[in-house]
Amino acid sequence: MPRRLILIVGLVGLQALALIVVLGITYWASQDVLLRFAENLTARIARDATAYTEDFLDPADDAAQLSQRLLEAGVVAPDDRETLSRYLFDLLKTRDNFDGAYFGFANGDFVYVSRDASEPRAAFRLKTITAAPDREVALSWHTERFRQVSGREEPEDDYDPRDRPWYRAALDADDVSWTPPYIFFSSQRPGVTVSMPVDDPLTGGVLGAVGVDIGIESLSTFLEGLEISPNGSAAIVSDSGDIVAHSEEDFVAEAGADGTVRFNTVEGAADPLLTRAAASIPGGLDGLFAGEIRVSHFRANGEAWLAAVQRLRLERTPWTVVTWLPESDILEPLHQVRSTALWVALAALVATALLGLLYGRVLMRRD
């Protein structure tokens, strides 16, 4: 073989070898960069969901503390049931996620305003209990402006606010208290209650406790609209393992054989991907401290997945936000770009090789 052809073939071979080495190094280096990018993006989604959840809950603290101050100062007189009812109604109007507001008296009396559109033209329901001298329970439905449209007596109702967890927790803590997530008795909707004790400043005795119900279905609506990825999902899990919110709301709770609505749990079979994502976190969800974020990888349905979790910063609600998505949702578009670049490079390699060989043949003919 002529020396010129050998030289040309050798140069083309060296070019091909250099291109292959460069493409290989670029491929493996970019793979790590893409994975870190995917992890950071997943963690950011968890941070966004956590921040929204905390902002969602904060106003309930403020509402309970304001109500306590107004009641203890006599600005809202507990004995004036009409004024108290109107105040609780106005409190509900301040936030769409406030499901109910009420005051339970130390003697068993109760005033409760809740959202209820079960009667024609009604938007709210007022429930009042007078414990003595003769027990009376009255229900009335009201419009958006709190004008009564209907009402009736409920003599069979045996509700006593003093027996409820929110009332006992407020008096035991002697401060603001949050219940774990539970299913509201009246609406059968998931929620939490924030409550505070109300003292008589003159006698130092207990007047009762004020409470605010927060419907947490809005959290599922938020998670559903969260732009995670085409196949990604998110959930909020309580410290007991209950699914508080989910981007697919049907996974939150379900009715049992007896008709009682119960929360699904992260260990249950409601959402296997959530179960796998939570189990993949090093140390488990219980090992997280307030505000901590952890990212993990797991496999499910034959593909690689990413999961990120963050514990809410406030101990009042020791909940954890969990997000998970297949790695391909983030990496596939970038892989397509990288594949396109690879094919372009290979095409350039083939073209230069052919041109080199053609040039070599031309030189050989001249010889």
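By a 1.4 Å probe calculation restricted to protein chains, Glu267 has an accessible surface near 130 Å², given to the nearest 10.
State whether the stretch 210-308 is rounded, prolate or oblate according to the following rule on the C-alpha gyration tensor (a ≥ b ≥ c being the square roots of its eigenvalues): a/c under 1.5 gives rounded; otherwise a/b larger than b/c gives prolate, and the remaining case gives oblate. Can you show the working numbers first?
Working: a/c = 1.57, a/b = 1.41, b/c = 1.11.
Since a/c reaches 1.5 and a/b is larger than b/c, the shape of the stretch 210-308 is classed as prolate.
Taking the charge dipole of the stretch 187-330 about its Cα centre, with +1 at Lys and Arg Cβ atoms and -1 at Asp and Glu Cβ atoms, the residue from Ala253, Trp319, Ala290 reaching farthest to the positive side is Ala290.
The values are calculated or read from the model by the stated rules, or taken from the named source; none is laboratory data. Here the structure is a predicted model, which means the values were calculated and not measured. Virtual Cβ from ideal backbone geometry, glycine too; neighbours counted across all protein chains shown. When the accessible area is computed, the model is the full protein with side chains, heavy atoms only, and any ligands, DNA or RNA have been set aside. Shrake-Rupley method; radii C 1.70, N 1.55, O 1.52, S 1.80 Å.
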